[in-house]
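Please read the structure below before turning to the comments.
The values are calculated or read from the model by the stated rules, or taken from the named source; none is laboratory data. Bear in mind the structure is a predicted one, so any value in this text is a computation, not a measurement. Here Cβ is always computed from backbone atoms with ideal geometry, including for glycine, and neighbour counts include all displayed protein chains.
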């Protein structure tokens, strides 16, 4: 069994945790320390480059993960791209969660419409190298 390092802006649901154990045979779920969680959840949009900002995340993975551990990576598109590539370079298996989205529209008496969106975990998917 392997470890999985969680790089998300939120905690996993019980359904997602169960799926990790069943689908990927994960033994240990490891969340980022609070300071890195805050950093990951608040990537500054005004910065032209975020490479240096992500160095603490790279260092955390380098110091804690071992070959063939997983990294669940979702968030800011640029940060996600960089950490996926870094994960590949140190022998981690980067993955993400897929969801089924259901949209329910309720028409109100006054003609307005309320939209309710439900997200349900579907499966984990491994990021694939494109070249």
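When the stretch 41-64 is filtered for residues that are exposed (fewer than 10 other Cβ atoms within 10 Å of the Cβ) and under 17 Å from residue 77 (Cβ atoms), the ones remaining, listed by number, are 44, 45, 46, 48, 49. I'm trying to understand the selection: among the residues of the stretch 12-34, which are under 20 Å from residue 120 (Cα atoms), free of Cβ contacts under 8 Å to residues at least 24 places away in the same chain and loosely packed, with under 12 Cβ neighbours inside 10 Å? Those that are under 20 Å from residue 120 (Cα atoms), free of Cβ contacts under 8 Å to residues at least 24 places away in the same chain and loosely packed, with under 12 Cβ neighbours inside 10 Å: 14, 22. For the stretch 45-131, the strands (runs of 3 or more DSSP E) that sit wholly inside it and include 1 or more residues that are closer than 19 Å to residue 17 by Cβ and at pLDDT 95 or above are 70-73, 93-107.
Residue by residue, here is whether (1) over 14 Å from the mean Cα position of the chain (by Cα); (2) within 12 Å of residue 5 (Cβ to Cβ) holds:
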| site | (1), (2) |
| --- | --- |
| 25 | yes, no |
| 33 | yes, yes |
| 48 | yes, no |
| 66 | yes, yes |
| 98 | no, no |
| 113 | yes, no |
| 117 | yes, no |
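Against the criterion of being touching a strand residue (DSSP E or B) at 6+ places or on another chain (Cβ under 6 Å) and surrounded by 13 or more Cβ atoms within 10 Å (Cβ to Cβ), residue 7 qualifies.
The single condition among (1) free of Cβ contacts under 8 Å to residues at least 60 places away in the same chain; (2) under 30 Å from residue 131 (Cβ atoms) that residue 68 does not satisfy is (1).
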